[in-house]
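Structure first, then comments.
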Amino acid sequence: MKHKKSILEGNIIYTLFAILMGFLTGAIILAIAGMNPGVIYAKLISGIFSKPKFLAWSVVYATPLIFTGLSVAFSFRTGVFNIGAEGQFVVGSLAATVIGIVCPFPAIITVPLCLIAAAAAGAVWSAFCGLLKVKKGINEVLSFIMMNWIAYYLSNYIVNLPGIKANAKETTVDILENAQMLMPLSVRQMTGCNTTNYGIILALIAAVIIWYLINKTTLGYELRSVGFNSYAAEYGGINSGASVMKALAISGALAGLGGAIQILGNAMHIAQFAGQEGFGFQGITVALIASSNPIGCIFAGLFYGAMKYGGSKLNLVGAPKEVLDIIMGAIVLVIAISHVFKTFAQKKMQKGGK
């Protein structure tokens, strides 16, 4: 009985239910549109699992999402809503790109410099919104949305600067080889993915560090306390304003690192944006699927990354890749109302125990 109660009070069963409902919703929409859901889902699954290189590409797609998921999850756990991970991701990728283009030092120096610059850019970008919230009472959601657009246009401006812009292309020049985070050629040949990189290792390390920080440190206790109840935290002697600033700086640094990993391990340059890429917003989905658990963000990020890569092949069977957005949207919707199912299940358990 206790085991059953712990399962119902946890989040895993509701997350699995949400994923099931997401795929069911997608199947219904596809059937209404006159398409065969079985064929399309079979292609989605084979596009992920049928070859080792597909799995490797799924991991490459997932890595930046793990970082943005960690960014959003960390902010959720500390009581603020970081909808600005998109902008922080962009400035992080921008900082890493510029350093990667101009820095002539060996890889052992250049790569850490790029990562540090990206983390610092994301942290400053996020902390500025925290400063507006703490000092002026400006809602962080509004300031984050505005900062996302500022990052967007700042990136497009820098992409077109002389010495940064590639000739006859709407992109920056590629970063130098000493700034790349690719695994050895033998590993890339073995996986069949030419951008297999060390980013996933950094993502795993970051997830463990964030889990430890939140659950095992004094700083984590203070940040969680402010997230639960800022007034009670203030009464207990915790500076809630400083905690918000710290939380947003760490959250922004994680998103910035995600941007760096995307550039140093995969894209190698930044293209002029025609629209926002969505890594930060997809990080919100990852955080929700993971129930804001840093370790859960690893699995949620891998799931979303695999879906993105597999979904890119749906046009081969005549299905729009937007079906992926329908599935993920339905998953988020069900997760958002999962507390209703949880409350209902707990009430049924209480009645059954009487």
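The values are calculated or read from the model by the stated rules, or taken from the named source; none is laboratory data. This is a predicted model, so every value here is computed, not measured. As a convention, Cβ positions derive from the backbone with ideal geometry for all residues, glycine included, and neighbour counts pool all protein chains shown. Each accessible area value is taken on the protein alone, full model and side chains, heavy atoms only, with ligands, DNA and RNA left out. Shrake-Rupley method; radii C 1.70, N 1.55, O 1.52, S 1.80 Å.
Hey, can you tell me all the residues within region 268-324 that are part of a loop (DSSP other than H, G, I, E, B) and among the aliphatic types (A, V, I, L, M)?
Matches in region 268-324: 268, 270, 274, 290, 319.
Scan 319, 300 and give me the residue that is crowded, with 20+ Cβ neighbours inside 10 Å, under 22 Å from residue 64 (Cα atoms) and at pLDDT 80 or above. If you could, list the steps in order and put the result at the bottom.
Values: 319 fails: under 22 Å from residue 64 (Cα atoms).
Criteria check complete, one pass: 300.
Is it true that residue 124 is surrounded by 20 or more Cβ atoms within 10 Å (Cβ to Cβ) and within 24 Å of the chain's Cα centre (by Cα)? I'd like the intermediate steps shown before the answer.
Values: surrounded by 20 or more Cβ atoms within 10 Å (Cβ to Cβ): no; within 24 Å of the chain's Cα centre (by Cα): yes.
No.
If I go through region 241-289 residue by residue, how many of them are small (Gly, Ala, Ser), farther than 17 Å from residue 59 by Cα and surrounded by fewer than 23 Cβ atoms within 10 Å (Cβ to Cβ)?
The number of residues fulfilling the criteria is 7.
In region 1-18, is there at least one residue being farther than 28 Å from residue 211 by Cα and either modelled with pLDDT of 95 or more or assigned to a helix (DSSP H, G or I) (or both)? Step through it out loud before you land on a result.
Pass one, region 1-18, residues farther than 28 Å from residue 211 by Cα: 1.
Next, from what is left, pick out any that are either modelled with pLDDT of 95 or more or assigned to a helix (DSSP H, G or I) (or both): none.
No: region 1-18 contains no residue that is farther than 28 Å from residue 211 by Cα and either modelled with pLDDT of 95 or more or assigned to a helix (DSSP H, G or I) (or both).
Mind listing just one residue for me: the one in region 178-192 that is under 22 Å from residue 100 (Cα atoms) and in contact (Cβ under 8 Å) with a residue 24 or more places away in the chain and, of those, farthest from the chain's Cα centre (by Cα)? Steps first, please.
Quick first cut of region 178-192, residues under 22 Å from residue 100 (Cα atoms) only: 178-185, 188.
Those still in the list that are in contact (Cβ under 8 Å) with a residue 24 or more places away in the chain too: 178-182.
Working: 178: 26, 179: 23, 180: 21, 181: 19, 182: 20 Å.
Residue satisfying both the conditions and the ranking: 178.
Against the condition more than 18 Å from residue 296 (Cβ to Cβ), surrounded by fewer than 24 Cβ atoms within 10 Å (Cβ to Cβ), among the β-branched types (Val, Ile, Thr) and within 13 Å of the chain's Cα centre (by Cα), how does residue 83 come out, does it pass? Full working, then the answer.
Numbers: more than 18 Å from residue 296 (Cβ to Cβ): yes; surrounded by fewer than 24 Cβ atoms within 10 Å (Cβ to Cβ): yes; among the β-branched types (Val, Ile, Thr): yes; within 13 Å of the chain's Cα centre (by Cα): yes.
So residue 83 passes the test.
What number of residues in region 193-235 are in contact with a Lys or Arg (Cβ under 6 Å, 6 or more places away or on another chain), open to solvent by 50 Å² or more (accessible area, probe 1.4 Å) and of a type in the set (Val, Ile, Thr)?
Final tally of qualifying residues: 0.
Just to be sure, is residue 261 at pLDDT 95 or above, among the aliphatic types (A, V, I, L, M) and touching a Leu at 6+ places or on another chain (Cβ under 7 Å)? Working first, answer last.
Values: at pLDDT 95 or above: yes; among the aliphatic types (A, V, I, L, M): yes; touching a Leu at 6+ places or on another chain (Cβ under 7 Å): yes.
When the stated conditions are applied, residue 261 passes them.
Can you give me the ranges of the helices (runs of 4 or more DSSP H) entirely in region 105-206 with at least 2 residues that are within 21 Å of residue 257 (Cα to Cα)? Reasoning before the result, please.
On the way: elements: 107-136, 140-159, 185-191.
Ranges flagged: 107-136, 140-159.
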